[in-house]
Each structure stands twice: as structure tokens, then as C-alpha cells.
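Asks: Structure incoming, see below.
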Amino acid sequence: MDAMAKTSTTTQGLRAAIERSGYYPALVAEAVEAAVGGEPIRSYLVHQETTFDQNEVRRHVTVLVLTGNRFIVSHTDEQAADTTSPTPYATTSTESVKLGRISSVVVSRVVANPEQYTPGTLPREVVLTIGWGAVSRIDLEPAACGDPNCEADHGYTGSSTADDLSLRVSEAGDGPETVRQALAFAQSISEATADTTR
């Protein structure tokens, strides 16, 4: 398959995945396609999540797209009618990040019965965390010394973590195909960011 045919197939696959999510597909696809522009798509992941907020059911869809130069993140949320709008509404946002800005790609896998694990077995769940410096979290705790009787103030110690995006998919909640897609996307973006550091 030549590069042009592969790009067309990938674009059609993304559109089909957005439509399968069933979550305002025309709105989501238009926002994502506008952000991607004419760039060929290397990889993508569509994740729809349903949450319960008191008496309301809210849906959220995240679309991740990897092109040759950029990582594109799209979020779409639905909102109930409120004081700002007499009718329900949806908000869609897209962010485009140059691959060279991505500082970390973390893939956490949860595997059942690890003593019986065989290579290639699908994890029970996958958490993909990608950082590019837009959002950082600082966890602080009081510092201490080795003396249990010491009452001196030793200040604080902590860590800073870049986690601009954290996405969790599970076999039970999202199905095995979504878990496979999350792993494939994680591998693609890891490889793409390794290319930018050469």
C-alpha cells in the first residue's frame, strides 16, 4: 500500500471511529479535521467516556491524533441547559502540540494474574499519560530527618509531574479493541517523540 492510500485509509478509519462513538460525530469530526488540516494521519485514538454527576449522565469524548509533526488533542463535552443557555449544548476544544514539545509519554498497564502472563496478552487496563509542559502538578509533603525525636522544621519535599493528558481505557469498560488501539497509539507517539530527539 502506498503512502497516499495508507493516509486515506487512516483518515477514513478515524472518521469511522468517531462515528462509532455515537457522540455528536459531525461536530467532533469537523473540529478534529479542522485541527489536522491537510496533514497525513499516522495514528489516532477515540475514547468515549460516560460519567454520572448527581442526577445527570454526562458524556465526554477525547480524540487523539498523531501526524508527522504534531499531536492533536480534542475534547468534547455536553452540558445541560443552565443560566447561560436555555438548551443543552456541547463544547469542543482542540489543542495542537508540536512533537518536539512532548516531554514524556507514560504507559501504565494493569495485568491480571502476572505469574501466568504470556507475551502478547492484552492488559486489563491501560493508562496513557502524555506531558508537554502546559499543566504540571506539584505534590508536596513535610520533609523529615532520620531522628524520630527531632522537632525541627525541615521544610518541604516533593515532586513535579507533567500530566497534561491522562487517559484510562479498560477491557471491561471500553472493550479489548479500544485497549489495543490505546497501546498502538502509545507506541506510535513514543516512536514519534524519539524521532524528534535524534
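The values are calculated or read from the model by the stated rules, or taken from the named source; none is laboratory data. On a predicted model such as this, the values are computed, not experimentally measured, just so you know. Quick reminder, even Gly has a Cβ in these numbers, built from the backbone with ideal geometry, and neighbours come from all protein chains shown. For the accessible areas, the whole protein counts, side chains as well, though only heavy atoms, and no ligand, DNA or RNA atoms are used. Shrake-Rupley method; radii C 1.70, N 1.55, O 1.52, S 1.80 Å.
Asks: Just for segment 102-121: of the residues that are among the polar types (S, T, N, Q) and in contact (Cβ under 8 Å) with a residue 40 or more places away in the chain, which one is most open to solvent (accessible area, probe 1.4 Å)?
Replies: 103
Asks: Residue by residue through segment 59-73, note down the ones that are open to solvent by 20 Å² or more (accessible area, probe 1.4 Å) and in contact with a helix residue (DSSP H, G or I) (Cβ under 7 Å, 6 or more places away or on another chain).
Replies: Residues satisfying the conditions are 69, 70.
Asks: Here are the criteria: (1) over 17 Å from residue 192 (Cβ atoms); (2) open to solvent by less than 60 Å² (accessible area, probe 1.4 Å). Tell me which single one residue 56 does not satisfy.
Replies: Against the list (1) over 17 Å from residue 192 (Cβ atoms); (2) open to solvent by less than 60 Å² (accessible area, probe 1.4 Å), residue 56 comes up short only on (2).
Asks: Give segment 87-102 a look and list any residue that's within 19 Å of residue 74 (Cα to Cα) and in contact with a strand residue (DSSP E or B) (Cβ under 8 Å, 6 or more places away or on another chain), or say none.
Replies: 89, 90, 91, 92, 93, 94, 95, 96, 97, 98, 99, 102
Asks: What are the pairs, 6+ residues apart or on separate chains, where a residue within segment 81-101 that is within 23 Å of residue 68 (Cα to Cα) and surrounded by 10 or more Cβ atoms within 10 Å (Cβ to Cβ) has its Cβ under 7 Å from a residue that is modelled with pLDDT of 85 or more and basic (Lys, Arg)?
Replies: Partner pairs satisfying both residue conditions: 96/70; 97/70; 98/70; 99/70.
Asks: For segment 75-103, give me each residue that is of a type in the set (Gly, Ala, Ser) and under 26 Å from residue 37 (Cβ atoms).
Replies: Once the filter is applied, which keeps residues that are of a type in the set (Gly, Ala, Ser) and under 26 Å from residue 37 (Cβ atoms), segment 75-103 yields 90, 93, 96, 100, 103.
Asks: State whether one or more residues within segment 161-173 are at pLDDT 70 or above, surrounded by 11 or more Cβ atoms within 10 Å (Cβ to Cβ), of a type in the set (D, E, K, R) and not in a strand (DSSP E or B).
Replies: yes
Asks: Which one is farthest from residue 184 (Cα to Cα) among residues in segment 26-36 that are of a type in the set (A, V, I, L, M) and surrounded by 10 or more Cβ atoms within 10 Å (Cβ to Cβ)?
Replies: 27
Asks: If you go through segment 174-196 one residue at a time, how many are open to solvent by 40 Å² or more (accessible area, probe 1.4 Å) and either under 16 Å from residue 106 (Cβ atoms) or modelled with pLDDT of 80 or more (or both)?
Replies: Qualifying residue count, segment 174-196: 10.
Asks: Given the criterion open to solvent by 40 Å² or more (accessible area, probe 1.4 Å) and not in a strand (DSSP E or B), identify the matching residue among 49, 39.
Replies: 39
Asks: Out of the residues in segment 100-110 that are of a type in the set (A, V, I, L, M, F, W, C) and at pLDDT 95 or above, which is nearest to the chain's Cα centre (by Cα)?
Replies: My answer is 107.
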